[in-house]
Amino acid sequence: MHDLPKSDHTPTPDARSATFTAPFANEEVAARQKALKQDVENFYLYIIDRATETPELAEHQPVVSALAYRDEQQLEWDPEIWLYQIISDYQALPRQDQRLFRLTNQEAKASATNNLMLIQDIQLQLRV
């Protein structure tokens, strides 16, 4: 082992800076994920608030489009990411809480020859 030549490899400045910035990149991703989850939580709270503001319409709660809400709130999330997070948060709810909401996927076939269904939007409504 003592006869092996020593490596003269020294990290390039870019390699050192990449390891230095990696934690910052991870923090940025975590911050964006946290902001997305907060916006989705606000969407669910909006559904609940609308229902409690109009108790006289208890049997006919309004259906809210996820993409329309995103546009009204001027949220800049990619539509696919936004819809995925809404579905993900819904599925993470306990079953008894899931029963409080009626979640409906608005789907369309990917093509005439492909039976794959793509989610175009999500409609959410509070069940009463």
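The values are calculated or read from the model by the stated rules, or taken from the named source; none is laboratory data. Since this is a predicted model, take the numbers as computed values, not measurements. So basically every Cβ, Gly included, is an ideal-geometry build from the backbone, and we count neighbours across all protein chains shown.
Across segment 36-45, not a single residue is classified as at pLDDT below 95, surrounded by 12 or more Cβ atoms within 10 Å (Cβ to Cβ) and not hydroxyl-bearing (S, T, Y). For segment 75-101, give me each residue that is within 15 Å of the chain's Cα centre (by Cα), exposed (fewer than 12 other Cβ atoms within 10 Å of the Cβ) and assigned to a loop (DSSP other than H, G, I, E, B). Across segment 75-101, the qualifying residues are E76, D78. Taking the conditions exactly as written (at pLDDT below 95, on the phi < 0 side of the Ramachandran plot and surrounded by 11 or more Cβ atoms within 10 Å (Cβ to Cβ)), does R70 satisfy them or not? Here the answer is no, as R70 does not meet what is asked. Please work out which residue is modelled with the highest pLDDT, limiting yourself to segment 46-67 and to residues that are among the charged types (D, E, K, R) and surrounded by 11 or more Cβ atoms within 10 Å (Cβ to Cβ). Among them, the one singled out is D49.
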